[in-house]
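The values are calculated or read from the model by the stated rules, or taken from the named source; none is laboratory data. If you're wondering where the values come from, they're calculated on a predicted model, not measured in any experiment. Note: ideal-geometry Cβ built from the backbone for every residue, glycine included; neighbour counts use all protein chains shown.
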Amino acid sequence: MTLRSSLAVFGVGTAFAWAAFLLIFVTVPPETADSLGEFFFFSALFLALTGTLTMLGIVGRWRMSSVLPALHIGPAFRQGMLLSGTAAGLLLLQRFRFLRWWNVLLVVAVAVLLDVLLTRGRDAVPE
């Protein structure tokens, strides 16, 4: 899959995810939302952020590196998922009123540790 087709697929998927998120955000009142509504809210937010951050990561890496652009898709997707999971996790903690400064540090540390463990020299892109 070429970079252009990958970005097109990510773009269409991200547009659908943002549309779903906005639809849920506008139509589901947070005061009366049940657990299914909250699940859809956080899932749509996660997918929309993952697509957006992945595309930004691919384009940013492509502009700053001279390596074949298709090599940036995997690391950008992994980091987009980790950042989206971190953001959605922190919002979920805030939803249940468990968010404190030390929770933020702990969640970010876990995300960084996961990124380090998942890379371990496997898909490091040379500069």
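Among the residues of the range 61-77, those identified as farther than 23 Å from residue 117 by Cα and part of a helix (DSSP H, G or I) are 62, 63, 64, 69.
Here is a yes/no grid of residues against (1) under 10 Å from the mean Cα position of the chain (by Cα); (2) modelled with pLDDT of 95 or more; (3) not β-branched (Val, Ile, Thr):
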residue: 15; (1), (2), (3): no, yes, yes
residue: 18; (1), (2), (3): no, yes, yes
residue: 21; (1), (2), (3): no, yes, yes
residue: 28; (1), (2), (3): no, no, no
residue: 34; (1), (2), (3): no, no, yes
residue: 38; (1), (2), (3): no, no, yes
residue: 42; (1), (2), (3): no, yes, yes
residue: 46; (1), (2), (3): yes, yes, yes
residue: 53; (1), (2), (3): yes, yes, yes
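The set of residues from the range 30-55 being free of Cβ contacts under 8 Å to residues at least 24 places away in the same chain, of a type in the set (A, V, I, L, M) and surrounded by 14 or more Cβ atoms within 10 Å (Cβ to Cβ) comprises just one member, 33. Residues that are part of a loop (DSSP other than H, G, I, E, B) and at pLDDT 95 or above within the range 100-127 comprise just one, 100. Residues in the range 1-59 that are among the hydrophobic types (A, V, I, L, M, F, W, C), under 18 Å from residue 73 (Cα atoms) and outside any helix (DSSP H, G or I): 1 only.
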